[in-house]
Amino acid sequence: TYSTSQIKSCGGQVDASGAGYITTPGYPLEYPPHQNCRWVVTAPEPSQRVVLNFNPHFELEKLDCRYDYVEIRDGNSEKADLLGKHCSNIAPPAIISSGPVLLIRFVSDYAHQGAGFSLRYEIFKTGSDCSRNFTSQNGIIESPGFPDKYPHNLECSFIIIVPPAMDLTLTFLTFDLENDPLPGGEGDCKYDWLEVWDGLPQVGPLIGRYCGTKIPPEMTSSTGILSLSFHTDMAVAKDGFSARYNMTHKEVSDTFHCSNALGLESGKISDDQITASSSFYDNTWLPRQARLNNNNNAWTPNEDSSKEFIQVDLHVLKVLTGIATQGAVSKETQKSYYVITFKLEVSTNGEDWMVYRYGKNHKVFHANTDSTEVVLNRIPLPVLARFVRVRPQTWKTGIALRLELYGCQITDAPCSEMQGMLSGLLPDSQITASSMRDVHGSMGTARLVASRSGWFPSPTQPLAGEEWLQVDLGVPKTVRGVITQGVRTVEGSTSAENRAFVRKYRVSYSLTGKDWTFILDRKTSHPKIFEGNTHYDTPEIRRFEEITAQFIRIYPERWSPAGIGMRLEVLGCELPGKEMFFTPISPRTHGIATMPCFAIYLPSVQTKSTTPWSLCDFESSLCGWIPDSVSELSWSLHSGSLSSGLTPSLDLPLSLPKDDVGNFLHIEASPRTERQRARLVSPAVGPERGPLCLLFNYQLQGPENQGLGSLRILLRDNDREETLLWALGGDQGPVWKEGRTILPQSPKEYQVVIEGYFEHGNRGHIWIDNIHMSSSTELEQCTRKSSTPNPKPHCSVCLGGAGWLKYSKAQSENQTVREPDSQRTRQTHAKSPPLLRGTRFCRALFTTVLVCLDHVSLLVMWTPRNLKLSTCSTAALSMRMGAWLFPPFPVVHNHLLCLDQVEGEVVVLAHPTRSLTSSL
């Protein structure tokens, strides 16, 4: 049995009592051919489950997983349920067993090897009410079971998503977690803890880790995402925590002044955020007394020395523009103490510090001339920092200091929202570069502040203007600036040769990723050279006039002696009339390297109330429809007022409409969208609601044998099992058409999924608009063909089948079924219902026939085999429609649907995955 942390052999028994890794042989180099590796991962307790998380660097031969693949089964043998079979270069999502055992099987053939995979296995930890996303304007977040004691072995994530132009405040009401008896340093909160992140867990900067009974301070976010990670061990359990969050609208003006008091005097900055190199021995001159106008002494170090400092943690990155200082009169001796001069130091992480400079020299600030007056020093060039240190240089009588810091949030400036590098909202896949020194490294290292490393191009002696770092914002945005930061090349090293940063750079932008434009210097009309960084840790903001762009590139022109090293954030906002709309975020589990989360951007949502049951035309509301979190591709939105920013070049025969036709969703065929699925998910359809008629408009167009797009409507149950309702493929012409299908009544809630897909990435498009879940449309009307002429009146997609079958109108009870693809015949011995004559059939697996009624937007399951009629249960789903029985597909239950006899004709309806053999 293996128990090592890294398992590289080809198969074996793996003990999951401790977390570890399994890799293909040779990873991250190419795996060998002719491999058949089999790992059985077993948890120590029968009640435990195993979770697998794949490294994003995943590379197996494509070709539909026929030759090289990894498959995971929910048990210890090949007969166990298949949880997934994966290949290509897209890492699978997290996989969780239903019991204590998982089987992992890796197969390679003789050709086309790749890097393989690396996965982490460990015991899956969860609890009731564990992990949620919060998007409402205010709410309560509580530990599982609150106010009772929380369960053991929890790993929970609570993520608050803040819309643009909103401020967030998180206030803890109660707090009681297992205390660490050895607080401070590495011993702080080793057992149960709550971590707060300025961004996604494990991606954005960590604000703090908390345990015990002391209530954490008030929290804010600089990134638009605030996350809480809650961990408990297997021992002591306490009452847990309760916190309230509130979002308020932020007034942003071009005339704003970045000079707000940051909270020392008001108490908004907590005592725990104020620390010092030392304090006077009698505990009457502590760091918490260093608040401006505090009337009880001040902060005094244990020794009057220029090596002493007082430090403030602002929790998030802020713009620092000023500092006010004050001395103090001793309550005990009545003597006056004050600081005459001081130096300022700043840091983004509390470890890498920069002494503030003005010009080439360290700036020495002139402070007080008495013990009571407040002296304000403006910082000549505002600086970005989270941690601020004041280091006295000279003083009168002795060091005594009270102070206040002034500045603002980066996002207080107009159109200056962080676009997702720091928070982790932008996935690693949207960060690219001309080259990268570590070919197996993650592009996530290029994230501002959140990464301790950074982007390094491959050449050790690069040429100016030839290397670049690029960010894809996902959709066009208004961009007004960038923040750049250097890197420390060796972890733990602070020597000069290991500090890299870019001194000067150019900025280029694009809407398509192909046609690029440099930001120009007004005076010279040449590409503008921006001043970059002067220190490897301290970020620098560079703003410019508004541009509309989806892609931003930074081209280094000059750099430090240690070479090019860069971390980056983009500042901007939605285009006019647009706002951000997030997908559900699947948080990272603590200690597990899962894929980062995704978001797409859709039109501004008005505050009026809309529901999915009303017509959704995407003009004023999204009606609750959201992108699928597991989708590889996102639907884009065409807005009539923004068509120029989204329309492809005019030489393409297939492009978005040039006239204002309103808003609709679309995907376009391209090499980037090839074999990727764009999925949109409806709000939940409640139990017992329905049956409903789903109406929608669509266009499905592409040159013959080039686009090969398909559009599908599916139902998803609570277990995320999906059932096909409607499907269409191939070129349907350049006109809008109406699709229809019936949504069943179900004892449990379900969701509707709209999926677009291109087999080949040449040319073509799929458009969707006017989605309506109608309860007033007659069900018979819901199955009639659209009034729009159909250029190809036959089924275009044979899903799961082996060929097309066609019944002739002249066929009798003993009918011959002909397969056009093989010209073979077979006999059937059932009478076709009259409504089905003259139609085309798709022969599917499990000897079941899917009947496609010439683009009527439904698929009826009917089979001419002998079947046993079963008694309808109350859970079975059925309804009458016209002269025959239509089976709404099972959403929850995996059994036969109700069977019925209508006007002497027996129509047998069955779930297509069941094997049916009994006689009629």
Considering only the stretch 78-101, state which residues are among the polar types (S, T, N, Q) and either touching a residue at least 40 places away in the same chain (Cβ under 8 Å) or open to solvent by less than 40 Å² (accessible area, probe 1.4 Å) (or both). SER88, SER97, SER98
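In the list SER371, SER434, SER429, which residue meets the criterion of being open to solvent by less than 50 Å² (accessible area, probe 1.4 Å), in contact with a Pro (Cβ under 9 Å, 6 or more places away or on another chain) and more than 20 Å from ASP537 (Cβ to Cβ)? Show your work before the answer.
Numbers: SER371 fails: in contact with a Pro (Cβ under 9 Å, 6 or more places away or on another chain); SER429 fails: open to solvent by less than 50 Å² (accessible area, probe 1.4 Å).
Sole residue among the options that is open to solvent by less than 50 Å² (accessible area, probe 1.4 Å), in contact with a Pro (Cβ under 9 Å, 6 or more places away or on another chain) and more than 20 Å from ASP537 (Cβ to Cβ): SER434.
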Restricting attention to the stretch 108-123, does a residue exist that is surrounded by fewer than 16 Cβ atoms within 10 Å (Cβ to Cβ), within 30 Å of LEU29 (Cα to Cα) and without any contact (Cβ under 8 Å) to a residue 60 or more places away in the chain? yes
Those residues of the stretch 677-692 which are open to solvent by 30 Å² or more (accessible area, probe 1.4 Å), part of a loop (DSSP other than H, G, I, E, B) and touching an Asp or Glu at 6+ places or on another chain (Cβ under 7 Å), in sequence order: ALA684, PRO687
Go through (1) open to solvent by 10 Å² or more (accessible area, probe 1.4 Å); (2) within 30 Å of the chain's Cα centre (by Cα); (3) farther than 23 Å from TYR555 by Cα one by one and return the number of the condition ILE410 breaks. (1)
Would you mind finding the one in ILE379, ILE399 that is of a type outside the set (D, E, K, R) and either outside any strand (DSSP E or B) or surrounded by fewer than 19 Cβ atoms within 10 Å (Cβ to Cβ) (or both)? ILE399
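Could you list, in sequence order, the residues of the stretch 287-308 that are open to solvent by less than 30 Å² (accessible area, probe 1.4 Å) and part of a loop (DSSP other than H, G, I, E, B)?
As a first pass, look at the stretch 287-308 and keep what is open to solvent by less than 30 Å² (accessible area, probe 1.4 Å): 287, 289-290, 292, 297-301, 305, 308.
The answer is ALA290, LEU292, ASN297, ALA298, THR300, PRO301, SER305, GLU308.
Could you list all residues from the stretch 482-500 that are assigned to a loop (DSSP other than H, G, I, E, B) and either closer than 17 Å to MET421 by Cβ or at pLDDT 95 or above (or both)?
Keep residues of the stretch 482-500 that are assigned to a loop (DSSP other than H, G, I, E, B), which gives 486, 489-495.
Matches in the stretch 482-500: GLY486 only.
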Hits in the stretch 446-461 - residues which are under 17 Å from the mean Cα position of the chain (by Cα) and surrounded by fewer than 24 Cβ atoms within 10 Å (Cβ to Cβ): none
Of the criteria (1) open to solvent by less than 10 Å² (accessible area, probe 1.4 Å); (2) under 21 Å from ILE207 (Cβ atoms), which one GLY350 fails: (1)
Please verify whether SER253 is open to solvent by 30 Å² or more (accessible area, probe 1.4 Å), under 32 Å from the mean Cα position of the chain (by Cα) and hydroxyl-bearing (Ser, Thr, Tyr), treating the condition exactly as stated. yes
Only unsatisfied item for LEU405, checking (1) hydrophobic (A, V, I, L, M, F, W, C); (2) more than 15 Å from VAL570 (Cα to Cα); (3) open to solvent by 30 Å² or more (accessible area, probe 1.4 Å), is (3)
On the basis of being modelled with pLDDT under 95, of a type in the set (S, T, N, Q) and open to solvent by less than 20 Å² (accessible area, probe 1.4 Å), does ASN283 make the cut? no
Quick test of your reading of the structure: GLN311 fulfils all but one of (1) at pLDDT below 95; (2) open to solvent by 10 Å² or more (accessible area, probe 1.4 Å); (3) closer than 30 Å to LEU226 by Cβ. Name the failing condition by number. (1)
What single numbered condition from (1) touching a strand residue (DSSP E or B) at 6+ places or on another chain (Cβ under 8 Å); (2) without any contact (Cβ under 8 Å) to a residue 40 or more places away in the chain; (3) farther than 24 Å from THR372 by Cβ; (4) surrounded by fewer than 17 Cβ atoms within 10 Å (Cβ to Cβ) fails to hold for THR275? (4)
Please find, within the stretch 185-239, the residue that is most open to solvent (accessible area, probe 1.4 Å) out of those that are of a type in the set (Lys, Arg) and part of a loop (DSSP other than H, G, I, E, B). LYS214
State all residues of the stretch 515-555 that are under 30 Å from ARG499 (Cβ atoms), in a loop (DSSP other than H, G, I, E, B) and touching a residue at least 12 places away in the same chain (Cβ under 8 Å); if no residue qualifies, say none. ILE519, LYS528, ILE529, GLY532, ASN533, THR534, HIS535, TYR536, ASP537, THR538, PRO539
When you scan the stretch 34-48, how many residues do you find that are surrounded by 13 or more Cβ atoms within 10 Å (Cβ to Cβ), out of contact with any Cys (no Cβ under 7 Å at 6 or more places or on another chain) and either within 15 Å of PHE106 (Cα to Cα) or among the hydroxyl-bearing types (Ser, Thr, Tyr) (or both)? 5
Go through the stretch 214-267 and count every residue that is out of contact with any strand residue (DSSP E or B) (no Cβ under 7 Å at 6 or more places or on another chain) and polar (S, T, N, Q). 4
Could you check the stretch 722-770 and list, in sequence order, the residues that are under 17 Å from PRO691 (Cα atoms), open to solvent by 10 Å² or more (accessible area, probe 1.4 Å) and not in a strand (DSSP E or B)? GLN745, PRO747, LYS748, GLU749
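Quick check, is THR369 out of contact with any Gly (no Cβ under 7 Å at 6 or more places or on another chain) and in a helix (DSSP H, G or I)?
On the way: out of contact with any Gly (no Cβ under 7 Å at 6 or more places or on another chain): yes; in a helix (DSSP H, G or I): no.
So THR369 fails the test.
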I need the full set of residues from the stretch 217-250 which are within 27 Å of the chain's Cα centre (by Cα) and β-branched (Val, Ile, Thr), in order please. THR220, THR223, ILE225, THR232, THR248
If you go through the stretch 504-526 one residue at a time, do you hit one that is under 22 Å from GLY444 (Cβ atoms) and open to solvent by 70 Å² or more (accessible area, probe 1.4 Å)? no
Considering the stretch 142-170 alone, what residues qualify as being under 30 Å from VAL252 (Cα atoms) and either hydroxyl-bearing (Ser, Thr, Tyr) or part of a loop (DSSP other than H, G, I, E, B) (or both)? VAL162, PRO163, PRO164, ALA165, THR169
Restricting attention to the stretch 320-346, report how many residues are among the hydroxyl-bearing types (Ser, Thr, Tyr), more than 49 Å from the chain's Cα centre (by Cα) and assigned to a strand (DSSP E or B). 3
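The values are calculated or read from the model by the stated rules, or taken from the named source; none is laboratory data. What you see is a predicted model; the values in this text were computed from it and never measured. Quick reminder, even Gly has a Cβ in these numbers, built from the backbone with ideal geometry, and neighbours come from all protein chains shown. These accessible areas exclude ligands, DNA and RNA; they are computed on the full protein's heavy atoms, side chains included. Shrake-Rupley method; radii C 1.70, N 1.55, O 1.52, S 1.80 Å.
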